[in-house]
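So the structure is just underneath, and the comments pick up after that.
The values are calculated or read from the model by the stated rules, or taken from the named source; none is laboratory data. Bear in mind the structure is a predicted one, so any value in this text is a computation, not a measurement. Cβ coordinates were reconstructed from backbone atoms using ideal geometry, including for glycine residues, and neighbour counts include every protein chain displayed. We work out accessible area using only protein heavy atoms, side chains counted, and drop any ligands, DNA or RNA first. Shrake-Rupley method; radii C 1.70, N 1.55, O 1.52, S 1.80 Å.
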Amino acid sequence: MRSQASILHLDLDAFFAAVEQRDKPSLRGKPVVVGGVGARGVVATASYEARRFGVRSAMSTAEARTRCPHAAFLSGRFDAYQSTSAQVMTVLRALSPVVEPLSLDEAYVDLTASPTAPDLSPPGLVDIATALKQAVHDATGGVTASVGFGTSKLIAKIASELEKPDGTVVVPPGAERDLLRPMQVTVIPGVGPATAERLRRIGVDTVEELEQISGDELVRVLGKAHGTSLHALARAEDDRLVVAQREAKSISVEDTFERDLVDPVLLAGIVDRHARGVCERLAKAKVSGRTVTLKVRLHDFTTHTRSATLAGPTDRPAVVSRLARGLLAELDTSGGVRLLGVGVSGLADWVQDDLFVDEEDAADIPLQLRDPARPAFDESRPRHGHGWVPGLDVEHDEHGPGWVWGSGLGRVTVRFETAETGPGPVRTLKADDSALRRRPVPTTRGEEPDAGNPSGSPDLP
Ligand code: TTP
Ligand code: MG
């Protein structure tokens, strides 16, 4: 075991919502819900202001609207999240070259690999966190992070959750077991609902109760591999290394067809086959991923890429093909398909939905899908009406850059503001206004996005 709390875990706060608040000044300090905005939409995340009203990830958007009707409900802008994530990972790599991203908004850092040999005492670590959070804030234009330090990945990750948002928690060497004991077993990554239920049946709810169970009994209840590792993790025994990002950021399989394929059953079968192929390669590389991407080239050579993201990584063919089939169903393929690909990205090792569960039980685990039937982050999907989904970046010849608040009945309501302008005015335009068009996600950001903001945001329309 490590003698210093040299593993850092960083997790951005309300990540997607924070990026929206950065780019939409009128939403700062306000409830924001990002996710599927359609009838069957699911919440991907909510700003802390919206969480106060009980809005949570994976809740139906309909439920979220009931709980917090005055929130801004936005479809996501995946490009903006991706570029913000890249900015954060760059900041982390300046701290130490050994950075292991777990998802867009989360990473481990091994501080012992830092060339500057930083002070790893608890006060030294607090200073590192303060500087790091400031650097993340500056690089991203205002996104906040929570940071945890521990002697292992397990402890660092748990620590980063404890004081969210904008938290810093150092678990000093020797304090690990006392920290874990009162916590629910589900705090251990890999213990999902199914494993928790099995443990509950033998009277185990907390880590302290888990500690009392012998290794033999855990093996009997959970199987050899899982029982053994849980026995160790309950004692905070975790010597996993931080592994710098792998070369392959995604694994995919695609096929071009000699003639255009139209039969939906055939296409679904190809999706299944690709999903199996991708999962075999994931298993071989001992990784799993959170984001499933479907690539389709149609008869007219237009290429559509759409993605859906799971709450946790998977390498199960059934899960990957379920998502990919859902994405395929959203496309009009009646004119024929020329190329079909399935990929998995957001790769991570070890962190699973429910690490300790047998394959047969896997089907019972309620995967928190981010609305696979109506992905929030798809660039190519048919949009409501004229395609003005809420949250979309737009630009108007006369009014300048802004974002779509809502649309319907041949109208689109736009708030003309950007991260740099401060809160701006709202205008309702004709949905087919030829002076209005989509605007690509800005890639460079000013250092002081708040500079010159007039105080007091006007009420939302
Ligand atoms: P999280 O880090 O789990 O959540 P968060 O950053 O929004 O909030 P917190 O402050 O509690 O960390 O996930 C990161 C992003 O991943 C989140 O902003 C949206 C996305 N996501 C989904 O798309 N679906 C999901 O079910 C979850 C949990 C997250
Ligand atoms: Mg987060």
Can you tell me the orientation of helix 317-329 relative to the chain, as the angle in degrees between its alpha-carbon axis and the longest Cα principal axis, to the nearest 10? 10 degrees
Can you tell me how much longer the chain between Glu280 and Thr302 gets when fully stretched, taken as 0.36 nm per residue apart minus their C-alpha distance, in nm with one decimal? 5.0 nm
Would you kindly find the accessible area of Arg281, with a 1.4 Å probe and non-protein molecules such as ligands, DNA and RNA excluded, rounding to the nearest 10 Å²? 110 Å²
Can you sort Arg276, Arg51, Arg22, Arg259 by solvent-accessible area, 1.4 Å probe, largest first? Arg259, Arg276, Arg51, Arg22
Would you check the accessible area of Glu63, probe 1.4 Å, heavy atoms only, in square angstrom rounded to 10? 70 Å²
Alpha-carbon centroid distance for the pair region 98-112 / region 13-86, whole angstrom: 24 Å
For labels at Val126 and Asp178 in the simple 7 Å Cα→Cβ model, what's the distance in nm? 1.7 nm
For Thr256 and Thr428, calculate 0.36 nm times their separation in residues minus their Cα-Cα distance, and state this gained length in nm to one decimal. 57.5 nm
Pairwise label distance in nanometres, Arg201 with Arg437, each label 7 Å out on the Cα-Cβ vector: 6.1 nm
To the nearest 20 debye, what charge dipole does the chain have about its Cα centre, counting +1 at the Cβ of each Lys and Arg and -1 at the Cβ of each Asp and Glu? 860 debye
Considering only protein heavy atoms, with the full assembly of protein chains and a 1.4 angstrom probe, order His399, His274, His299, His304 by accessible area, largest first. His299, His399, His304, His274
Tilt, helix 153-162 to longest principal axis of the chain (alpha-carbon atoms), in degrees rounded to tens, equals 60 degrees
I'd like the distance separating the alpha-carbon centroids of region 400-429 and region 115-134, in whole Å. 42 Å
Please work out how many pairs of lysine residues in the chain are eight or more positions apart (or on different chains) and have Cα atoms closer than 17 angstrom. 5
Here FRET efficiency (C-beta to C-beta, Asp138 to Thr66, R₀ 35 Å, nearest 0.05) is 0.40
Once you put a point 7 Å from the Cα of Glu237 and another 7 Å from the Cα of Thr112, both along the Cβ direction, what distance in nm separates them? 1.8 nm
Name the residue farthest towards the positive end of the dipole of the chain from the options Gly124, Leu104, Ala58, assuming +1 on Cβ of Lys and Arg, -1 on Cβ of Asp and Glu, about the Cα centre. Ala58
At 1.4 Å probe size, what's the solvent-accessible area of Ile213? Round to the nearest 10 Å². 20 Å²
Which of rounded, prolate or oblate describes the chain when judged by the alpha-carbon gyration tensor and an a/c cut-off of 1.5? oblate
